[in-house]
Amino acid sequence: MNLNPMTWDAPYPVIVGVLFVIVMCRANGTYWLGRLAARGAERTRIASVMASPRYQDAVGQLNRWGAPLVSVSFLTIGFQTLINLGAGATRMPLVRYLPAVTVGCVMWAFLYGTAGSVGFEVLARLWETHPAAAVFVGVIVVVALAVFIVGRVRESRRPSRATAVVE
């Protein structure tokens, strides 16, 4: 079985649709595994930590600001699994999680169905010839993503000019 969608003998919309279904099932399965793990942890010694006000505040912040992170995580490799697991473990409300995961899955399906598989091939060849350059490219991508996310969070915390009190 060939897993490279660039070689599948199907129309492009079908390829993207199949990839969307695959990643949607995987992401939501990971989310529900996180919820089950959290439910199981409630029956252990860690339950007191999970009931603490600080933990509940952290969960609230993650659930409030985590939806954009869920979507953006689909542009990374490996990080999306942890984010979806964390969203489930903190019981991110489905009203926030489902739109975010849907946006992320659509992005992933389009990217992987087109440039994504080509990009992975280029990165694999770069790794074979110049591993340090491949690591450098990966670090640049992660740093750029982090700068973007931090910028968006800071921007959302900044009071708008409309709500500023004029003295």
*How large is the helix-only mean residue ellipticity at 222 nm for the chain, computed as the sum of -39500 (n - 2.57) over DSSP H runs with n ≥ 4, divided by its residue count, in deg cm²/dmol to the nearest 500?*
-25000 deg cm²/dmol
*Just name one of VAL59, VAL135, ALA10: the one whose Cα is farthest towards the positive end of the charge dipole of the chain (beta-carbon charges, Lys/Arg +1, Asp/Glu -1).*
VAL59
*At 7 Å along the Cα-to-beta-carbon direction for both ALA144 and ARG157, put a label point, then send me their distance in nm to one decimal.*
2.5 nm
*For the chain, what is the accessible area per residue in Å², given a 1.4 Å probe and the full set of protein chains?*
68 Å²
*Extension gain PHE110-ARG26, at 0.36 nm per residue separation less the Cα-Cα distance, in nm?*
28.6 nm
*Could you point to the label whose value was computed as Rg and Dmax of the Cα atoms in Å for the structure here, given (1) 16.2, 47; (2) 19.4, 69; (3) 15.8, 50?*
(2)
*Would you please give the FRET efficiency between LEU94 and ALA47, computed as 1/(1 + (r/R0)^6) with r the Cβ-Cβ distance and R0 = 22 Å, to the nearest 0.05?*
0.40
_Between 0 and 90 degrees, rounded to the nearest ten: what's the tilt of helix 94-111 against the longest Cα principal axis of the chain?_
20 degrees
*asked:* Can you give me the Rg/Rh ratio for the range 101-155, using Cα atoms for both radii and the Kirkwood formula for Rh?
replied: 1.08
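The values are calculated or read from the model by the stated rules, or taken from the named source; none is laboratory data. Note that the coordinates shown come from a computational prediction; the quantities given were computed from them, not determined experimentally. Quick reminder, even Gly has a Cβ in these numbers, built from the backbone with ideal geometry, and neighbours come from all protein chains shown. Note: accessible area is taken over every heavy atom of the protein model, side chains too, but ligands, DNA and RNA are not part of it. Shrake-Rupley method; radii C 1.70, N 1.55, O 1.52, S 1.80 Å.
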